[in-house]
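Visitor: Dumping the structure here so I can ask a few things about it.
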Amino acid sequence: MQTFRCQRCGQTVFFENTQCGACGARLAFDAERLMMRAFEVTDQGPWRTLDDDRTAWRPCANDVKHGACNWAVPADSPHALCASCRLTAVIPPLHDGRHLQQWRALESAKRRLLYTLWSLGLPVPDRRERPTDGLVFHFKASPPQGPAVMTGHAQGCITVNVAEADDAEREAIRTRLREPYRTLLGHLRHEVGHFYWDRIVGDQGWHDVFRLVFGDERQDYGEALKRHYEQGPPADWSQRHVSSYAASHPWEDWAETFAHYLHIVDALDTASHWQAVMLATPDDPSPTQGVHFARVATRMQDFRQQLVQQWVTLAMFLNSMGRSLGQGDLYPFVLPNAVLDKLTLVHSLVHSTMLRARTATAA
Ligand SMILES: [Zn+2]
Ligand SMILES: [Zn+2]
Ligand SMILES: [Zn+2]
């Protein structure tokens with residue numbers, strides 16, 4: 001993700017901020033321009049941006065009512081909610097105080113997910129406007145008695161059990177399942193991977209090339225998962241898959257790989273922008289090293305040479321930093337050649353989808 005500056009005082013500010021730590025300006029995210037903006041807030045009337053256009057805005061209703069959002073809505077929008085909150089159709093009952101915290105954490109992770117999808121140029125259709133191929137989120141709590149909510153994706157609906165937003169609970173599950181990594185953002189990136197399989201491979205007819213790289217997805221999905229949970233992954237899974245769960249079925253392999261693609265693109269993007277921040281001097285406050293890697297590395301060959309090579313170095317750097325600070329590895333994965341082939345296919349299909357979406361918008 002890019003770095004942002006307060007439009008009033010120039011201080012570095014973050015995607016999650018609602019206020020500048022240096023000058024106190026009210027901040028909110030503008031999803032149209034994908035940037036944090038500073039606002040002049042008055043008791044009456046809309047907020048005004050501090051830049052020359054002085055456009056009128058208001059906070060998302062989930063910010064006002066629940067402190068669950070930091071995005072702004074154009075003052076003339078017919079919607080009370082921002083572009084991210086509108087995609088959530090179900091939230092847990094908020095009279096339970098834990099649910100409010102859990103829901104806030106989920107919305108925060110979802111905003112970061114959306115930022116990456118939009119910056120990659122991927123279409124994010126709203127289920128309410130596109131009932132057959134739109135995306136919607138259900139954040140649900142399991143009933144005290146009765147079956148637990150299963151995190152998963154079905155026909156554009158991403159369901160997340162809000163208990164995953166409880167750090168202690170999620171860490172307990174991670175340890176029990178012997179997973180190296182389990183985060184809310186990782187869940188959302190995985191589940192949205194299933195959504196894009198339908199939109200990219202399914203709708204656009206890329207089945208043959210998918211099967212060549214990931215295997216035949218027509219094998220029985222229920223049987224495959226049952227086998228995975230009963231017998232575990234094959235002994236050599238790490239030669240061919242990014243995680244043991246990815247070995248369960250080609251659809252899960254795609255979703256896991258897609259999640260890693262988003263991890264890699266976002267982290268490289270963040271690193272490139274911070275590199276520019278760290279290289280800045282009073283004489284040259286905006287060096288040009290900050291580059292959006294996913295846009296630059298458009299061809300498959302470039303993806304392998306530029307993006308992957310830089311990622312391997314950056315991942316080692318991140319893991320070393322984690323260890324220096326007494327934490328575990330931030331990216332506890334290795335990427336064998338077979339996984340690089342899969343990431344390369346995800347990249348080229350994402351890129352072609354971005355081009356199609358752009359052409360469709362232009363037409
Ligand atoms: Zn400021
Ligand atoms: Zn919102
Ligand atoms: Zn899955």
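The values are calculated or read from the model by the stated rules, or taken from the named source; none is laboratory data. Only a predicted model underlies this, so the values are computations on that prediction, with no experimental measurement involved. Cβ sites come from the backbone with ideal geometry, for glycine too, and all protein chains shown count toward neighbours.
Visitor: Only one residue in A224, A235 is modelled with pLDDT of 95 or more and surrounded by fewer than 14 Cβ atoms within 10 Å (Cβ to Cβ). Which one? Reasoning before the result, please.
Guide: Numbers: A224 fails: surrounded by fewer than 14 Cβ atoms within 10 Å (Cβ to Cβ).
Unique residue meeting the criteria: A235.
Visitor: Show me the strands (runs of 3 or more DSSP E) entirely contained within the range 15-96 in which 1 or more residues are within 18 Å of the chain's Cα centre (by Cα). Talk me through it step by step, then tell me what you get.
Guide: Details: elements: 26-30, 35-40, 47-49, 56-59, 72-74, 88-90.
Result: 26-30, 35-40, 88-90.
Visitor: Could you go through the range 93-115 and let me know if any residue there is surrounded by 21 or more Cβ atoms within 10 Å (Cβ to Cβ), within 16 Å of ligand 1 (Cβ to nearest atom) and under 30 Å from L355 (Cβ atoms).
Guide: No, the range 93-115 contains no residue that is surrounded by 21 or more Cβ atoms within 10 Å (Cβ to Cβ), within 16 Å of ligand 1 (Cβ to nearest atom) and under 30 Å from L355 (Cβ atoms).
Visitor: Taking the criterion of being buried (at least 22 other Cβ atoms within 10 Å of the Cβ) and either of a type in the set (F, W, Y) or within 16 Å of ligand 2 (Cβ to nearest atom) (or both), would at least one residue in the range 255-262 satisfy it? Spell out the reasoning first.
Guide: Our first condition is that a residue be buried (at least 22 other Cβ atoms within 10 Å of the Cβ); within the range 255-262, this holds for 255-262.
Those still in the list that are either of a type in the set (F, W, Y) or within 16 Å of ligand 2 (Cβ to nearest atom) (or both) too: 258, 261.
Looking for residues that are buried (at least 22 other Cβ atoms within 10 Å of the Cβ) and either of a type in the set (F, W, Y) or within 16 Å of ligand 2 (Cβ to nearest atom) (or both), one finds at least one in the range 255-262, hence yes.
Visitor: Mind checking whether some residue in the range 190-201 is more than 23 Å from the chain's Cα centre (by Cα), surrounded by 12 or more Cβ atoms within 10 Å (Cβ to Cβ) and either under 14 Å from P250 (Cβ atoms) or modelled with pLDDT of 95 or more (or both)?
Guide: Step one: filter the range 190-201 for residues more than 23 Å from the chain's Cα centre (by Cα), giving none.
Within the range 190-201, not a single residue is more than 23 Å from the chain's Cα centre (by Cα), surrounded by 12 or more Cβ atoms within 10 Å (Cβ to Cβ) and either under 14 Å from P250 (Cβ atoms) or modelled with pLDDT of 95 or more (or both).
Visitor: When you scan the range 45-62, do you find a residue that is within 17 Å of A109 (Cα to Cα) and either outside the structural domain of C157 (by TED's automatic domain parsing) or within 16 Å of ligand 1 (Cβ to nearest atom) (or both), even just one? It would help to see each step written out before you state the result.
Guide: Looking only at the range 45-62, we keep the residues that are within 17 Å of A109 (Cα to Cα), and these are 60, 62.
Cutting the leftovers down to either outside the structural domain of C157 (by TED's automatic domain parsing) or within 16 Å of ligand 1 (Cβ to nearest atom) (or both) gives us 60, 62.
Yes, there is a match, as at least one residue in the range 45-62 is within 17 Å of A109 (Cα to Cα) and either outside the structural domain of C157 (by TED's automatic domain parsing) or within 16 Å of ligand 1 (Cβ to nearest atom) (or both).
Visitor: Still on this model: Return the residues of the range 63-92 that are within 10 Å of ligand 2 (Cβ to nearest atom) and among the small types (G, A, S); say none if nothing qualifies.
Guide: Once the filter is applied, which keeps residues that are within 10 Å of ligand 2 (Cβ to nearest atom) and among the small types (G, A, S), the range 63-92 yields A68, A72, A80, A83, S84.
Visitor: Also, quick follow-up: Just one of (1) assigned to a helix (DSSP H, G or I); (2) over 23 Å from L177 (Cβ atoms) trips up T281, so point out which.
Guide: Of (1) assigned to a helix (DSSP H, G or I); (2) over 23 Å from L177 (Cβ atoms), only one is false for T281: (1).
Visitor: Can you find even one residue in the range 250-265 that is assigned to a loop (DSSP other than H, G, I, E, B), farther than 22 Å from R176 by Cα and outside the structural domain of P123 (by TED's automatic domain parsing)? Steps first, answer last, please.
Guide: If we filter the range 250-265 for residues that are assigned to a loop (DSSP other than H, G, I, E, B), which is where we start, we get none.
No: zero hits.
Visitor: Same structure again: If you go through the range 247-259, how many residues are within 9 Å of ligand 3 (Cβ to nearest atom) and either of a type in the set (D, E, K, R) or in contact with a Ser or Thr (Cβ under 7 Å, 6 or more places away or on another chain) (or both)?
Guide: Counting residues in the range 247-259 that are within 9 Å of ligand 3 (Cβ to nearest atom) and either of a type in the set (D, E, K, R) or in contact with a Ser or Thr (Cβ under 7 Å, 6 or more places away or on another chain) (or both) gives 2.
Visitor: Looking at the range 160-179, is at least one residue out of contact with any Leu (no Cβ under 7 Å at 6 or more places or on another chain) and under 25 Å from V350 (Cα atoms)?
Guide: Filtering the range 160-179 for residues out of contact with any Leu (no Cβ under 7 Å at 6 or more places or on another chain) gives 161, 163, 166-179.
Now narrow it down to the ones that are under 25 Å from V350 (Cα atoms): none.
Within the range 160-179 (the criterion being out of contact with any Leu (no Cβ under 7 Å at 6 or more places or on another chain) and under 25 Å from V350 (Cα atoms)), the answer is no, since none of the residues qualifies.
Visitor: Taking the range 11-25 as the region of interest, how many residues are within 15 Å of ligand 2 (Cβ to nearest atom) and surrounded by 13 or more Cβ atoms within 10 Å (Cβ to Cβ)? Before the answer, list the steps.
Guide: So the first thing to find is which residues in the range 11-25 are within 15 Å of ligand 2 (Cβ to nearest atom), and the list is 15-18.
Adding the requirement that they be surrounded by 13 or more Cβ atoms within 10 Å (Cβ to Cβ) leaves 15, 17-18.
Total satisfying the criteria: 3.
Visitor: Cβ-Cβ below 6 Å, separation at least six or inter-chain, first residue in the range 185-202 and more than 14 Å from K110 (Cα to Cα) and within 16 Å of ligand 1 (Cβ to nearest atom), second among the small types (G, A, S) and modelled with pLDDT of 95 or more: which pairs?
Guide: Correct list of pairs: empty, since none qualify.
Visitor: If a residue must be of a type in the set (A, V, I, L, M) and at pLDDT below 85, how many such residues does the range 258-308 contain?
Guide: Keep residues of the range 258-308 that are of a type in the set (A, V, I, L, M), which gives 259, 262, 264-265, 267-268, 271, 276-280, 291, 294, 296-297, 300, 307-308.
Applying the additional criterion that residues be at pLDDT below 85 yields 276-280, 291, 294, 296-297, 300, 307-308.
Counting residues in the range 258-308 that are of a type in the set (A, V, I, L, M) and at pLDDT below 85 gives 12.
Visitor: Could you check how many residues of the range 224-243 are part of a loop (DSSP other than H, G, I, E, B) and either in contact (Cβ under 8 Å) with a residue 24 or more places away in the chain or in the same structural domain as G186 (by TED's automatic domain parsing) (or both)?
Guide: Initially, the range 224-243 is screened for residues part of a loop (DSSP other than H, G, I, E, B), giving 232-236, 241-243.
Subset that is either in contact (Cβ under 8 Å) with a residue 24 or more places away in the chain or in the same structural domain as G186 (by TED's automatic domain parsing) (or both): 241-243.
So the count comes out to 3.
Visitor: Is there any pair linking a residue in the range 94-105 that is among the aromatic types (F, W, Y) to one that is surrounded by 19 or more Cβ atoms within 10 Å (Cβ to Cβ), with Cβ under 7 Å and at least six apart or on different chains, and which?
Guide: W103/A68; W103/I91; W103/P92; W103/F139; W103/V162
Visitor: Any chance you could count how many residues in the range 156-180 are within 15 Å of ligand 3 (Cβ to nearest atom), assigned to a loop (DSSP other than H, G, I, E, B) and modelled with pLDDT of 95 or more?
Guide: Total meeting the criteria: 1.
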